Amino acid sequence: MTTARTLIVSHDDVVRLLPMAACIDLMGETLGALTRGEGLLPLRTVLRLPGQRNMFATMPAVLGPSIGAKVITVFPDNEGTPYESHIGVVLYFESTNGRLLAIIDASSVTAIRTAAVSGLATRWLARPDARTLGILGSGVQAMTHLEAMCAVRDFSTIRVWSRHHPNALAFAERAAATLGRTVEVVPRAEDAVRGADVVCTTTGAREPVVRGEWLAPGAHLNAVGASVATARELDSEAVRRARLYVDRRESVMAEAGDFLIPREEGVVDNTHIVGELGELVLGRVPGRRSADEVTIFKSLGLAVEDVASARFIYERAEALGTGTWVALGGLR
Ligand code: NDP
């Protein structure tokens, strides 16, 4: 009998079905495929809610035979409430009959795939002997970034800074309990960045929290938190000092204050971008050239990352019999 069933996948199932190490490899395949021209990826649509910082975003993409879209609210104002800042679903369709195969929790997909892309960048760009990690921020992305960084490098020292010190302390407790990692809480962003071989910025800051003069020779930095043209986590000197890699040039030109503000100041121009991560993975642009150069990966987050994650989750859920099936409609 012909059926039109759709799989609903919860947060906890996503965490089980999309392990970090597998997601890092998946993101390498996905960004390589995007660079080879195997995807359709318009810029996301972001509606800023009147009089608020909060946003509603739709992020569609086609990747090979997969069609999908992430539909999310991005509510920085959820700070201090029980709710995450990114809430919504990833919709996953097939391209033979256009059936909706899955509706998947987007908070967990976003948390994992974003950190996995930073993990990929770190695998390719950080020094192989990187031992000290500095994380700025102590929220959802900070935790998945800790996991991703530890999947690609062997860190002996991990430091975290957060705007509110108690949140950094709670982060260190969670890191010990859930990942078995010892994290040192430091009082200033500078203390987390100075001497670090790898730095991840995962804050909601709109003004720089990292100064270029703090970055150690040979450091690699993943800049994750700012994803609109008017906000940035890095000062212009940090960007000037570094060889800059991005997830996608087109998105950077529209959404990345970390690049657009220094460009506006005349500190860098478009040639400062060495390449996209997909180009790096395919060997089309060079990676790190010496042990003392500074590299930055600017992450904005791409819908193809969500669609690829959705396909992976759907196929594993179907194979394992996980999730809940519903008949939404779609049959004649
Ligand atoms: P959370 O709300 O879980 O955490 C936010 C963190 O940012 C907290 O540690 C908070 O510190 C810190 N923070 C907020 N405002 C400031 C500020 N003005 N200065 C310094 N620190 C600040 O959010 P997420 O972890 O989910 O997301 C973190 C950032 O990453 C967000 O900006 C989000 O939009 C972005 N993001 C980017 C993605 C990408 O693909 N590149 C994907 C998903 C998210 P404290 O708690 O101590 O106040």
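Annotations
- The mean sequence distance of close C-alpha pairs (under 8 Å, at least 6 residues apart), as a share of the length of the chain, puts its relative contact order at 22 percent.
- Shown here: region 1-63, whose C-alpha atoms stretch 45, 35, 30 Å along the first, second and third principal axes, sorted largest to smallest.
- Sulfur and carbon atoms: percent of accessible area, region 1-157 [1.4 Å]: 58
- Contour excess over end-to-end distance, with Cα ends at A170 and N97 and 0.36 nm allotted per residue: 21.5 nm
- What separates the Cα centres of region 167-226 and region 244-314 is a distance of 20 Å.
- Probe 1.4 Å, all protein chains present, accessible-area order of C150, C200, largest first: C150, C200
- Rounded accessible area of L100 (nearest 10 Å², 1.4 Å probe): 40
- Looking at region 177-332, the accessible area is 42 square angstrom per residue; that uses a 1.4 Å probe and ignores ligands, DNA and RNA.
- Within region 231-277, GluC sites (Glu not before Pro) in DSSP loop having at most 12 other beta-carbon neighbours inside 10 Å: E265
- Net charge, V268 excluded, C-beta distance under 15 Å - Lys, Arg +1, Asp, Glu -1: +1
- 30 Å tail of the calculated P(r), the chain, as % of Cα pairs: 32
- Region 91-175 - accessible surface per residue (Å², probe 1.4 Å): 36
- Based on the reciprocal of the average 1/r between different C-alpha atoms, the Kirkwood radius for region 117-302 equals 16.0 Å.
- Across region 154-222, counting alpha-carbon atoms alone, Rg and Dmax equal 12.1, 34 Å.
- In the elastic network of the chain, a GNM with C-alpha springs shorter than 10 Å, the most mobile of R36, R44, R288 is R36.
- Only Lys, Arg, Asp and Glu carry charge here, each on its Cβ (+1 for the first two, -1 for the last two); on that basis region 117-302 has a dipole of about 280 debye about its Cα centre.
- Kirkwood estimate for region 251-327, i.e. one over the average of 1/r between Cα atoms, Å: 16.0
- Mean-square fluctuations from a GNM of the chain, with a 10 angstrom spring cutoff on Cα atoms, peak among N222, N97, N167 at N97.
- Neighbour net charge for E79 - beta-carbon separation under 12 angstrom, K R +1, D E -1: 0
- Beta bridges from DSSP with both residues in the chain: antiparallel share about 50 percent, rounded to the nearest 5.
The values are calculated or read from the model by the stated rules, or taken from the named source; none is laboratory data. Please read these numbers as outputs of a predicted model, since none were measured by experiment. Cβ atoms come from the backbone with ideal geometry, glycine included; neighbour counts cover every protein chain shown. Ligands, DNA and RNA are stripped out before the accessible areas are found, and what is left, the full protein with its side chains, is counted by its heavy atoms. Shrake-Rupley method; radii C 1.70, N 1.55, O 1.52, S 1.80 Å.
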